[in-house]
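The values are calculated or read from the model by the stated rules, or taken from the named source; none is laboratory data. Note that the structure is predicted; figures quoted are calculated from it, not measured. Glycine gets a Cβ as well: all are built from the backbone with ideal geometry, and neighbour counts include every protein chain shown.
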Amino acid sequence: MLGKLIVVAAFAAILYNLGAGLYYMMTDKGTTDRTLHALTRRITLSVALIMLVMAGIWAGWIHPHGVNG
């Protein structure tokens, strides 16, 4: 349950930074670096989340399942 909570929190932070980047892009009109920083944080969080999921699968905490077809 804790693992799911961490993934959901990371996903929420990613979405927040994506929205912040859009907001800063529309309001700042290229005069500040806030858009760049928000989108850099989003990419960093996305990569960290992917690495966390990969580590969880490797350690056996997460058990992926295939689609029955």
Subset of the range 1-26, residues among the small types (Gly, Ala, Ser) and farther than 30 Å from residue 63 by Cα, comes to 19, 20, 21
Condition first: more than 17 Å from the chain's Cα centre (by Cα) and surrounded by 11 or more Cβ atoms within 10 Å (Cβ to Cβ). Now tell me which residues in the range 1-41 satisfy that. 23, 24, 25, 27, 28, 32, 33, 34
Filter pass, residue 29 being charged (D, E, K, R), at pLDDT below 95 and closer than 30 Å to residue 56 by Cβ: no
Just need a number here: residues in the range 18-61 that are among the basic types (Lys, Arg) and farther than 26 Å from residue 6 by Cβ. 2
Is it fair to say residue 44 is surrounded by 11 or more Cβ atoms within 10 Å (Cβ to Cβ), of a type in the set (Val, Ile, Thr) and at pLDDT below 95? no
Name every residue in the range 28-69 that is in a helix (DSSP H, G or I), β-branched (Val, Ile, Thr) and touching a residue at least 24 places away in the same chain (Cβ under 8 Å), in order of residue number. 53
Those residues of the range 4-33 which are touching a Lys or Arg at 6+ places or on another chain (Cβ under 7 Å) and within 14 Å of residue 48 (Cβ to Cβ) amount to 14, 17
